[in-house]
1. Taking B:T118, is it crowded, with 21+ Cβ neighbours inside 10 Å, assigned to a helix (DSSP H, G or I) and touching a residue at least 60 places away in the same chain (Cβ under 8 Å)?
2. Condition check: under 30 Å from A:F143 (Cβ atoms), more than 9 Å from chain A (Cβ to nearest Cβ) and not small (G, A, S). Does B:Q140 satisfy that?
3. Sort out which residues of the stretch A:40-81 are assigned to a helix (DSSP H, G or I) and β-branched (V, I, T), and write them in order of number.
4. Identify the residue in the stretch B:15-25 that is aliphatic (A, V, I, L, M) and within 16 Å of the chain's Cα centre (by Cα) and, among all such residues, is farthest from DNA strand C (Cβ to nearest atom).
5. Given the residues B:D57, B:D67, B:D33, which is the only one that is of a type in the set (D, E), within 16 Å of DNA strand C (Cβ to nearest atom) and within 14 Å of chain A (Cβ to nearest Cβ)?
6. All but one of (1) farther than 11 Å from A:A68 by Cα; (2) free of Cβ contacts under 8 Å to residues at least 60 places away in the same chain hold for A:L145, so report the exception by its number.
7. Could you check how many residues of the stretch A:176-210 are more than 7 Å from every other protein chain (Cβ to nearest Cβ) and either under 21 Å from the mean Cα position of the chain (by Cα) or crowded, with 23+ Cβ neighbours inside 10 Å (or both)?
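The values are calculated or read from the model by the stated rules, or taken from the named source; none is laboratory data. Everything numeric here is computed off the predicted structure, so don't read it as measured data. Please note: Cβ atoms are built from the backbone with ideal geometry, for glycine as well, and neighbour counts cover all protein chains shown. Accessible surface is based on the protein model in full, side chains and every heavy atom, while ligands, DNA and RNA are left aside. Shrake-Rupley method; radii C 1.70, N 1.55, O 1.52, S 1.80 Å.
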There are 2 protein chains.
Amino acid sequence: MAIPGARASYRHGDLRDALVQVGLELARAGGPDAVVLRQATREAGVSPNAAYRHFADRNALLQAVSDAALGLAADRMEAEIAAAPVADDPATRARERLRAVGAGYIHFAREEPGLFRTAFSVPDNLQNQASATKAGRGGQTPFELVGAALDALVAADVLPRSRRQNAEFLAWSAVHGLGMLVIDGPLRGLTDQMVDDATARLLDMVDRGL
Amino acid sequence: MAIPGARASYRHGDLRDALVQVGLELARAGGPDAVVLRQATREAGVSPNAAYRHFADRNALLQAVSDAALGLAADRMEAEIAAAPVADDPATRARERLRAVGAGYIHFAREEPGLFRTAFSVPDNLQNQASATKAGRGGQTPFELVGAALDALVAADVLPRSRRQNAEFLAWSAVHGLGMLVIDGPLRGLTDQMVDDATARLLDMVDRGL
DNA sequence: GGGAAGATGTTTACACTGTCCACAATCGCA
DNA sequence: TGCGATTGTGGACAGTGTAAACATCTTCCC
(Lines give C-alpha, C1' and ligand atoms only; values in the text may rest on other atoms or scores of the structure.)
Protein backbone atom coordinates (compact mmCIF):
# COMPACT_ATOMS: atom_id res chain seq x y z
CA MET A 1 0.00 0.00 0.00
CA ALA A 2 0.86 3.65 0.07
CA ILE A 3 2.65 3.73 -3.26
CA PRO A 4 3.90 7.31 -3.32
CA GLY A 5 2.99 8.44 -6.80
CA ALA A 6 0.31 5.89 -7.44
CA ARG A 7 -2.36 8.49 -8.01
CA ALA A 8 -2.50 9.42 -11.67
CA SER A 9 -4.99 12.21 -11.29
CA TYR A 10 -5.34 15.05 -8.88
CA ARG A 11 -8.46 13.40 -7.60
CA HIS A 12 -8.15 10.30 -5.57
CA GLY A 13 -11.23 8.37 -6.50
CA ASP A 14 -12.76 7.31 -3.25
CA LEU A 15 -10.64 8.84 -0.57
CA ARG A 16 -13.22 8.46 2.12
CA ASP A 17 -13.37 4.73 1.76
CA ALA A 18 -9.61 4.50 1.37
CA LEU A 19 -9.13 6.30 4.67
CA VAL A 20 -11.53 3.98 6.42
CA GLN A 21 -9.73 0.94 5.04
CA VAL A 22 -6.35 2.25 6.09
CA GLY A 23 -7.83 3.21 9.44
CA LEU A 24 -9.07 -0.35 9.83
CA GLU A 25 -5.54 -1.65 9.30
CA LEU A 26 -4.13 0.81 11.80
CA ALA A 27 -6.80 -0.14 14.31
CA ARG A 28 -6.19 -3.81 13.73
CA ALA A 29 -2.54 -3.38 14.58
CA GLY A 30 -2.75 -0.89 17.40
CA GLY A 31 -6.28 -0.24 18.55
CA PRO A 32 -8.10 3.08 18.50
CA ASP A 33 -5.10 5.20 19.47
CA ALA A 34 -3.26 3.95 16.42
CA VAL A 35 -5.86 5.49 14.15
CA VAL A 36 -3.96 8.70 13.60
CA LEU A 37 -5.26 10.96 10.93
CA ARG A 38 -1.94 12.02 9.49
CA GLN A 39 -0.75 8.46 9.25
CA ALA A 40 -3.91 7.42 7.47
CA THR A 41 -3.59 10.17 4.88
CA ARG A 42 0.08 9.32 4.45
CA GLU A 43 -0.74 5.72 3.67
CA ALA A 44 -3.49 6.83 1.35
CA GLY A 45 -0.91 8.92 -0.47
CA VAL A 46 -2.62 12.18 0.21
CA SER A 47 -1.94 15.33 2.19
CA PRO A 48 -3.15 15.46 5.81
CA ASN A 49 -5.80 18.05 5.16
CA ALA A 50 -7.44 16.06 2.41
CA ALA A 51 -9.08 14.05 5.16
CA TYR A 52 -11.06 17.10 6.21
CA ARG A 53 -12.99 17.01 2.95
CA HIS A 54 -14.55 13.75 4.11
CA PHE A 55 -14.49 13.86 7.88
CA ALA A 56 -15.20 16.73 10.22
CA ASP A 57 -12.25 15.78 12.40
CA ARG A 58 -10.24 12.84 13.58
CA ASN A 59 -13.09 11.68 15.72
CA ALA A 60 -15.40 11.39 12.75
CA LEU A 61 -12.83 9.20 11.03
CA LEU A 62 -12.51 7.06 14.13
CA GLN A 63 -16.28 6.78 14.26
CA ALA A 64 -16.37 5.48 10.70
CA VAL A 65 -13.58 3.00 11.39
CA SER A 66 -15.36 1.91 14.53
CA ASP A 67 -18.56 1.23 12.62
CA ALA A 68 -16.69 -0.76 10.01
CA ALA A 69 -15.06 -2.80 12.77
CA LEU A 70 -18.46 -3.62 14.22
CA GLY A 71 -19.48 -4.83 10.79
CA LEU A 72 -16.55 -7.23 10.80
CA ALA A 73 -17.66 -8.45 14.21
CA ALA A 74 -21.07 -9.16 12.71
CA ASP A 75 -19.40 -11.18 9.96
CA ARG A 76 -17.55 -13.24 12.52
CA MET A 77 -20.74 -13.88 14.43
CA GLU A 78 -22.60 -14.96 11.32
CA ALA A 79 -19.78 -17.32 10.47
CA GLU A 80 -20.12 -18.90 13.88
CA ILE A 81 -23.87 -19.23 13.47
CA ALA A 82 -23.36 -20.93 10.13
CA ALA A 83 -20.93 -23.37 11.70
CA ALA A 84 -23.20 -24.17 14.63
CA PRO A 85 -24.55 -27.71 14.98
CA VAL A 86 -28.10 -28.00 13.71
CA ALA A 87 -30.13 -29.97 16.19
CA ASP A 88 -33.42 -31.65 15.37
CA ASP A 89 -35.13 -30.18 18.37
CA PRO A 90 -36.09 -26.53 17.69
CA ALA A 91 -35.44 -25.61 21.31
CA THR A 92 -31.87 -26.89 21.26
CA ARG A 93 -31.41 -25.32 17.87
CA ALA A 94 -32.43 -21.92 19.20
CA ARG A 95 -30.15 -22.30 22.18
CA GLU A 96 -27.23 -23.31 20.00
CA ARG A 97 -27.83 -20.24 17.94
CA LEU A 98 -27.60 -17.82 20.83
CA ARG A 99 -24.51 -19.67 21.93
CA ALA A 100 -22.96 -19.23 18.52
CA VAL A 101 -23.76 -15.52 18.57
CA GLY A 102 -21.95 -15.14 21.87
CA ALA A 103 -19.06 -17.36 20.90
CA GLY A 104 -18.60 -15.48 17.63
CA TYR A 105 -18.47 -12.21 19.51
CA ILE A 106 -15.81 -13.44 21.90
CA HIS A 107 -13.82 -15.07 19.14
CA PHE A 108 -13.80 -11.82 17.26
CA ALA A 109 -12.50 -10.04 20.33
CA ARG A 110 -9.70 -12.55 20.71
CA GLU A 111 -8.78 -12.73 17.05
CA GLU A 112 -8.93 -9.01 16.39
CA PRO A 113 -8.39 -7.26 19.70
CA GLY A 114 -7.41 -4.01 18.04
CA LEU A 115 -10.58 -3.89 16.00
CA PHE A 116 -12.71 -4.97 18.91
CA ARG A 117 -11.38 -2.22 21.13
CA THR A 118 -11.79 0.26 18.33
CA ALA A 119 -15.39 -0.74 17.81
CA PHE A 120 -16.16 0.37 21.34
CA SER A 121 -13.80 3.28 21.60
CA VAL A 122 -16.31 5.88 20.63
CA PRO A 123 -19.45 6.67 22.63
CA ASP A 124 -22.62 5.57 20.94
CA ASN A 125 -26.22 4.88 21.77
CA LEU A 126 -28.90 2.32 21.34
CA GLN A 127 -30.70 4.14 18.55
CA ASN A 128 -27.72 3.70 16.25
CA GLN A 129 -27.36 0.00 16.86
CA ALA A 130 -29.35 -0.95 13.79
CA SER A 131 -27.57 1.48 11.50
CA ALA A 132 -26.51 -0.02 8.21
CA THR A 133 -23.01 1.39 8.68
CA LYS A 134 -22.46 -1.10 11.48
CA ALA A 135 -23.82 -4.07 9.58
CA GLY A 136 -21.81 -6.98 8.27
CA ARG A 137 -22.03 -8.50 4.83
CA GLY A 138 -25.23 -10.23 5.85
CA GLY A 139 -26.81 -6.86 6.41
CA GLN A 140 -27.25 -7.22 10.15
CA THR A 141 -25.48 -5.54 13.02
CA PRO A 142 -24.22 -7.45 16.05
CA PHE A 143 -27.09 -6.03 18.05
CA GLU A 144 -29.59 -7.27 15.52
CA LEU A 145 -28.00 -10.71 15.50
CA VAL A 146 -28.41 -11.04 19.25
CA GLY A 147 -31.95 -9.77 19.02
CA ALA A 148 -32.86 -12.29 16.35
CA ALA A 149 -31.33 -15.12 18.35
CA LEU A 150 -33.38 -14.10 21.37
CA ASP A 151 -36.54 -13.92 19.30
CA ALA A 152 -35.85 -17.45 18.14
CA LEU A 153 -35.54 -18.53 21.75
CA VAL A 154 -38.97 -17.11 22.46
CA ALA A 155 -40.42 -18.72 19.35
CA ALA A 156 -39.02 -22.06 20.49
CA ASP A 157 -40.59 -21.58 23.92
CA VAL A 158 -37.25 -21.63 25.66
CA LEU A 159 -37.33 -18.06 26.85
CA PRO A 160 -40.63 -16.89 28.37
CA ARG A 161 -41.93 -13.90 26.49
CA SER A 162 -42.06 -11.94 29.72
CA ARG A 163 -38.31 -12.04 29.90
CA ARG A 164 -37.64 -11.16 26.32
CA GLN A 165 -37.64 -7.39 26.63
CA ASN A 166 -34.14 -5.94 26.75
CA ALA A 167 -32.68 -9.38 27.19
CA GLU A 168 -30.05 -8.22 24.69
CA PHE A 169 -28.55 -6.13 27.45
CA LEU A 170 -27.88 -9.14 29.62
CA ALA A 171 -26.47 -11.44 27.00
CA TRP A 172 -24.43 -8.68 25.49
CA SER A 173 -23.01 -7.56 28.81
CA ALA A 174 -21.75 -11.01 29.63
CA VAL A 175 -19.87 -11.61 26.41
CA HIS A 176 -18.71 -8.03 26.10
CA GLY A 177 -17.26 -8.12 29.58
CA LEU A 178 -15.39 -11.33 29.02
CA GLY A 179 -14.08 -10.07 25.70
CA MET A 180 -12.81 -6.85 27.21
CA LEU A 181 -11.27 -8.43 30.28
CA VAL A 182 -9.54 -11.05 28.22
CA ILE A 183 -7.97 -8.90 25.57
CA ASP A 184 -6.60 -6.02 27.53
CA GLY A 185 -8.07 -6.22 30.94
CA PRO A 186 -6.87 -8.12 33.97
CA LEU A 187 -7.76 -11.44 32.36
CA ARG A 188 -5.22 -11.20 29.62
CA GLY A 189 -2.42 -13.65 29.91
CA LEU A 190 -4.80 -16.50 30.58
CA THR A 191 -3.99 -19.54 28.50
CA ASP A 192 -6.18 -20.21 25.48
CA GLN A 193 -7.43 -23.24 27.33
CA MET A 194 -8.55 -21.15 30.27
CA VAL A 195 -10.28 -18.64 28.05
CA ASP A 196 -12.08 -21.36 26.13
CA ASP A 197 -13.19 -22.81 29.40
CA ALA A 198 -14.36 -19.46 30.73
CA THR A 199 -16.21 -18.81 27.49
CA ALA A 200 -18.08 -22.10 27.67
CA ARG A 201 -19.02 -21.56 31.29
CA LEU A 202 -20.08 -17.99 30.62
CA LEU A 203 -22.37 -19.11 27.82
CA ASP A 204 -23.77 -21.76 30.14
CA MET A 205 -24.46 -19.08 32.68
CA VAL A 206 -26.34 -16.98 30.16
CA ASP A 207 -28.25 -19.97 28.88
CA ARG A 208 -29.25 -20.91 32.38
CA GLY A 209 -29.83 -17.50 33.83
CA LEU A 210 -31.34 -15.35 31.11
CA MET B 1 -4.79 23.70 43.26
CA ALA B 2 -2.00 24.72 40.96
CA ILE B 3 -1.03 27.87 42.78
CA PRO B 4 1.86 29.07 40.60
CA GLY B 5 4.51 29.93 43.13
CA ALA B 6 3.13 27.90 45.98
CA ARG B 7 6.23 25.80 46.36
CA ALA B 8 8.56 27.37 48.91
CA SER B 9 11.46 25.07 48.35
CA TYR B 10 13.08 23.68 45.24
CA ARG B 11 11.85 20.29 46.25
CA HIS B 12 8.21 19.52 45.98
CA GLY B 13 7.68 17.17 48.84
CA ASP B 14 5.83 14.27 47.35
CA LEU B 15 5.56 14.96 43.68
CA ARG B 16 4.81 11.40 42.76
CA ASP B 17 1.71 11.29 44.86
CA ALA B 18 0.71 14.77 43.80
CA LEU B 19 0.85 13.74 40.16
CA VAL B 20 -1.28 10.71 40.82
CA GLN B 21 -3.86 12.81 42.65
CA VAL B 22 -3.99 15.37 39.86
CA GLY B 23 -4.12 12.52 37.35
CA LEU B 24 -7.08 11.11 39.20
CA GLU B 25 -8.92 14.40 38.83
CA LEU B 26 -8.10 14.60 35.15
CA ALA B 27 -9.27 11.02 34.66
CA ARG B 28 -12.43 11.68 36.61
CA ALA B 29 -13.32 14.51 34.30
CA GLY B 30 -12.19 13.12 30.98
CA GLY B 31 -11.17 9.51 31.16
CA PRO B 32 -7.75 8.07 30.35
CA ASP B 33 -7.04 10.36 27.41
CA ALA B 34 -7.38 13.35 29.68
CA VAL B 35 -4.48 12.20 31.77
CA VAL B 36 -1.92 14.27 29.96
CA LEU B 37 1.49 14.45 31.50
CA ARG B 38 2.15 18.11 30.82
CA GLN B 39 -1.21 19.12 32.22
CA ALA B 40 -0.60 17.10 35.37
CA THR B 41 2.79 18.70 35.96
CA ARG B 42 1.29 22.12 35.27
CA GLU B 43 -1.37 21.59 37.92
CA ALA B 44 1.25 20.30 40.30
CA GLY B 45 3.17 23.51 39.76
CA VAL B 46 6.20 21.81 38.32
CA SER B 47 7.99 21.62 34.99
CA PRO B 48 6.95 18.86 32.55
CA ASN B 49 10.12 16.86 32.86
CA ALA B 50 9.95 16.68 36.62
CA ALA B 51 7.49 13.87 36.10
CA TYR B 52 10.22 11.74 34.62
CA ARG B 53 11.95 11.54 37.99
CA HIS B 54 8.99 9.52 39.22
CA PHE B 55 7.56 7.82 36.18
CA ALA B 56 9.35 6.20 33.26
CA ASP B 57 6.89 7.77 30.83
CA ARG B 58 3.31 8.89 30.48
CA ASN B 59 2.15 5.32 30.46
CA ALA B 60 3.68 4.64 33.85
CA LEU B 61 1.79 7.62 35.22
CA LEU B 62 -1.41 6.38 33.67
CA GLN B 63 -0.78 2.98 35.18
CA ALA B 64 -0.46 4.50 38.64
CA VAL B 65 -3.63 6.54 38.16
CA SER B 66 -5.40 3.46 36.90
CA ASP B 67 -4.42 1.48 39.99
CA ALA B 68 -5.61 4.27 42.24
CA ALA B 69 -8.92 4.33 40.38
CA LEU B 70 -9.35 0.61 40.96
CA GLY B 71 -8.80 1.26 44.63
CA LEU B 72 -11.66 3.73 44.60
CA ALA B 73 -13.82 1.11 42.92
CA ALA B 74 -12.98 -1.24 45.77
CA ASP B 75 -14.10 1.44 48.23
CA ARG B 76 -17.40 1.78 46.45
CA MET B 77 -17.91 -1.96 46.49
CA GLU B 78 -17.15 -2.20 50.18
CA ALA B 79 -19.63 0.57 50.86
CA GLU B 80 -22.29 -1.40 49.03
CA ILE B 81 -21.46 -4.53 50.99
CA ALA B 82 -21.76 -2.60 54.23
CA ALA B 83 -25.16 -1.30 53.16
CA ALA B 84 -26.46 -4.70 52.12
CA PRO B 85 -29.38 -6.23 54.03
CA VAL B 86 -28.21 -8.79 56.55
CA ALA B 87 -30.41 -11.85 56.29
CA ASP B 88 -30.71 -14.43 59.04
CA ASP B 89 -30.17 -17.27 56.65
CA PRO B 90 -26.45 -17.66 55.87
CA ALA B 91 -27.23 -18.71 52.31
CA THR B 92 -29.25 -15.59 51.55
CA ARG B 93 -26.64 -13.53 53.29
CA ALA B 94 -23.91 -14.89 51.06
CA ARG B 95 -25.99 -14.29 47.98
CA GLU B 96 -26.78 -10.74 49.03
CA ARG B 97 -23.11 -10.15 49.46
CA LEU B 98 -22.17 -11.19 45.95
CA ARG B 99 -25.03 -9.07 44.73
CA ALA B 100 -23.68 -6.09 46.62
CA VAL B 101 -20.23 -6.63 45.16
CA GLY B 102 -21.64 -6.56 41.66
CA ALA B 103 -23.96 -3.67 42.33
CA GLY B 104 -21.13 -1.64 43.86
CA TYR B 105 -19.03 -2.26 40.79
CA ILE B 106 -21.72 -1.07 38.43
CA HIS B 107 -22.58 1.90 40.61
CA PHE B 108 -18.98 2.94 40.55
CA ALA B 109 -18.95 2.74 36.77
CA ARG B 110 -22.03 4.93 36.56
CA GLU B 111 -20.98 7.43 39.17
CA GLU B 112 -17.39 7.76 38.01
CA PRO B 113 -17.30 6.80 34.36
CA GLY B 114 -14.01 8.58 33.76
CA LEU B 115 -12.29 6.74 36.58
CA PHE B 116 -13.86 3.45 35.60
CA ARG B 117 -12.65 3.70 32.05
CA THR B 118 -9.23 4.76 33.26
CA ALA B 119 -9.01 1.78 35.56
CA PHE B 120 -9.22 -0.51 32.55
CA SER B 121 -7.35 1.59 30.05
CA VAL B 122 -4.05 -0.05 30.60
CA PRO B 123 -3.32 -3.71 29.90
CA ASP B 124 -2.83 -5.79 33.00
CA ASN B 125 -2.83 -9.38 34.06
CA LEU B 126 -4.25 -11.65 36.65
CA GLN B 127 -1.08 -11.88 38.73
CA ASN B 128 -1.32 -8.20 39.58
CA GLN B 129 -4.92 -8.31 40.68
CA ALA B 130 -4.06 -8.70 44.32
CA SER B 131 -1.44 -5.96 44.30
CA ALA B 132 -1.73 -3.55 47.19
CA THR B 133 -1.55 -0.62 44.78
CA LYS B 134 -5.01 -1.54 43.52
CA ALA B 135 -6.54 -1.98 46.95
CA GLY B 136 -9.08 0.27 48.56
CA ARG B 137 -9.02 1.62 52.07
CA GLY B 138 -10.13 -1.76 53.34
CA GLY B 139 -6.98 -3.27 51.93
CA GLN B 140 -8.67 -5.42 49.33
CA THR B 141 -8.79 -5.09 45.55
CA PRO B 142 -11.99 -5.50 43.57
CA PHE B 143 -10.81 -8.90 42.44
CA GLU B 144 -10.26 -10.00 46.02
CA LEU B 145 -13.68 -8.72 47.00
CA VAL B 146 -15.37 -10.85 44.35
CA GLY B 147 -13.26 -13.81 45.33
CA ALA B 148 -14.18 -13.48 48.99
CA ALA B 149 -17.87 -13.21 48.14
CA LEU B 150 -17.64 -16.37 46.06
CA ASP B 151 -15.86 -18.18 48.87
CA ALA B 152 -18.69 -17.21 51.16
CA LEU B 153 -21.16 -18.67 48.68
CA VAL B 154 -19.30 -21.96 48.81
CA ALA B 155 -19.13 -21.87 52.59
CA ALA B 156 -22.88 -21.31 52.72
CA ASP B 157 -23.40 -24.27 50.38
CA VAL B 158 -24.98 -22.15 47.71
CA LEU B 159 -22.29 -22.62 45.12
CA PRO B 160 -21.00 -26.19 44.70
CA ARG B 161 -17.29 -26.33 45.28
CA SER B 162 -16.81 -27.86 41.87
CA ARG B 163 -17.93 -24.61 40.29
CA ARG B 164 -15.89 -22.32 42.45
CA GLN B 165 -12.70 -22.28 40.45
CA ASN B 166 -12.35 -19.20 38.29
CA ALA B 167 -15.95 -18.26 38.97
CA GLU B 168 -14.60 -14.73 39.37
CA PHE B 169 -14.24 -14.59 35.62
CA LEU B 170 -17.92 -15.15 35.05
CA ALA B 171 -19.27 -12.78 37.64
CA TRP B 172 -16.77 -10.14 36.75
CA SER B 173 -17.44 -10.39 33.04
CA ALA B 174 -21.12 -9.82 33.50
CA VAL B 175 -20.86 -6.68 35.60
CA HIS B 176 -17.88 -5.35 33.71
CA GLY B 177 -19.69 -5.69 30.42
CA LEU B 178 -22.78 -3.92 31.63
CA GLY B 179 -20.69 -1.17 33.15
CA MET B 180 -18.78 -0.59 29.95
CA LEU B 181 -21.76 -0.73 27.65
CA VAL B 182 -23.72 1.62 29.83
CA ILE B 183 -21.17 4.36 30.31
CA ASP B 184 -19.75 4.78 26.87
CA GLY B 185 -20.90 1.88 24.85
CA PRO B 186 -24.07 1.44 22.85
CA LEU B 187 -26.14 1.23 26.02
CA ARG B 188 -25.50 4.77 27.09
CA GLY B 189 -28.48 6.98 26.88
CA LEU B 190 -30.65 4.45 28.64
CA THR B 191 -32.72 6.00 31.38
CA ASP B 192 -31.57 5.45 34.95
CA GLN B 193 -34.64 3.36 35.40
CA MET B 194 -33.68 1.09 32.53
CA VAL B 195 -30.14 0.71 33.79
CA ASP B 196 -31.34 -0.11 37.29
CA ASP B 197 -33.62 -2.69 35.81
CA ALA B 198 -30.90 -4.18 33.66
CA THR B 199 -28.57 -4.28 36.65
CA ALA B 200 -31.07 -6.15 38.76
CA ARG B 201 -31.79 -8.66 36.02
CA LEU B 202 -28.10 -9.12 35.31
CA LEU B 203 -27.41 -9.88 38.94
CA ASP B 204 -30.32 -12.32 38.90
CA MET B 205 -28.76 -13.99 35.92
CA VAL B 206 -25.44 -14.38 37.67
CA ASP B 207 -27.09 -15.60 40.84
CA ARG B 208 -29.05 -18.17 38.90
CA GLY B 209 -26.46 -19.18 36.39
CA LEU B 210 -23.11 -19.18 38.12
C1' DG C 1 31.95 21.23 59.71
C1' DG C 2 32.97 20.64 54.60
C1' DG C 3 32.55 18.73 50.72
C1' DA C 4 31.08 15.08 47.42
C1' DA C 5 27.44 12.17 45.62
C1' DG C 6 22.90 11.40 44.64
C1' DA C 7 18.18 12.85 44.13
C1' DT C 8 15.06 16.01 42.31
C1' DG C 9 13.62 20.05 39.26
C1' DT C 10 14.50 23.22 35.21
C1' DT C 11 15.63 24.58 30.46
C1' DT C 12 16.07 23.92 25.85
C1' DA C 13 15.05 21.35 21.93
C1' DC C 14 12.86 18.06 18.68
C1' DA C 15 9.59 15.24 16.31
C1' DC C 16 4.91 14.47 15.85
C1' DT C 17 0.01 15.34 16.23
C1' DG C 18 -4.71 17.69 15.03
C1' DT C 19 -6.51 21.49 12.77
C1' DC C 20 -7.01 26.36 10.58
C1' DC C 21 -6.49 29.24 6.43
C1' DA C 22 -5.50 30.52 1.84
C1' DC C 23 -4.63 28.67 -2.62
C1' DA C 24 -4.75 25.23 -6.71
C1' DA C 25 -6.39 21.66 -9.62
C1' DT C 26 -10.08 19.18 -11.36
C1' DC C 27 -14.93 17.81 -12.41
C1' DG C 28 -19.68 18.58 -13.87
C1' DC C 29 -22.88 21.28 -15.90
C1' DA C 30 -25.09 25.52 -18.25
C1' DT D 1 -16.59 27.25 -23.39
C1' DG D 2 -16.68 28.82 -19.15
C1' DC D 3 -17.84 28.83 -14.32
C1' DG D 4 -19.05 27.17 -9.78
C1' DA D 5 -18.55 23.43 -6.66
C1' DT D 6 -15.55 19.65 -5.04
C1' DT D 7 -11.51 17.87 -3.68
C1' DG D 8 -6.60 18.19 -2.74
C1' DT D 9 -2.16 21.00 -1.40
C1' DG D 10 1.02 24.02 1.37
C1' DG D 11 2.16 26.52 5.16
C1' DA D 12 1.40 27.62 9.88
C1' DC D 13 0.36 27.07 14.84
C1' DA D 14 -0.48 25.30 19.40
C1' DG D 15 -0.08 21.30 22.11
C1' DT D 16 1.92 16.77 23.22
C1' DG D 17 5.64 13.25 24.86
C1' DT D 18 10.31 12.88 25.75
C1' DA D 19 15.60 13.30 25.41
C1' DA D 20 19.97 15.84 27.02
C1' DA D 21 22.35 19.06 29.60
C1' DC D 22 22.27 21.86 33.52
C1' DA D 23 20.93 23.64 38.34
C1' DT D 24 19.77 23.12 43.08
C1' DC D 25 18.83 20.87 47.14
C1' DT D 26 19.74 16.75 50.77
C1' DT D 27 22.40 13.46 52.80
C1' DC D 28 26.00 11.43 54.50
C1' DC D 29 30.84 10.41 55.21
C1' DC D 30 35.56 11.96 56.35
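1. When the stated conditions are applied, B:T118 passes them.
2. It is false that B:Q140 is under 30 Å from A:F143 (Cβ atoms), more than 9 Å from chain A (Cβ to nearest Cβ) and not small (G, A, S).
3. A:T41, A:V65, A:I81
4. Step by step, filter the stretch B:15-25, then rank; the result is B:L24.
5. It is B:D33.
6. With (1) farther than 11 Å from A:A68 by Cα; (2) free of Cβ contacts under 8 Å to residues at least 60 places away in the same chain applied to A:L145, the lone miss is (2).
7. 9
Every residue, every condition in (1) within 16 Å of DNA strand D (Cβ to nearest atom); (2) within 28 Å of A:L178 (Cα to Cα); (3) without any contact (Cβ under 8 Å) to a residue 60 or more places away in the chain, yes or no:
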{"position": "A:Q21", "(1), (2), (3)": "yes, yes, yes"}
{"position": "A:A27", "(1), (2), (3)": "no, yes, no"}
{"position": "A:D33", "(1), (2), (3)": "yes, yes, yes"}
{"position": "A:A64", "(1), (2), (3)": "yes, yes, no"}
{"position": "A:E78", "(1), (2), (3)": "no, yes, no"}
{"position": "A:P85", "(1), (2), (3)": "no, yes, yes"}
{"position": "A:A94", "(1), (2), (3)": "no, yes, no"}
{"position": "A:G104", "(1), (2), (3)": "no, yes, yes"}
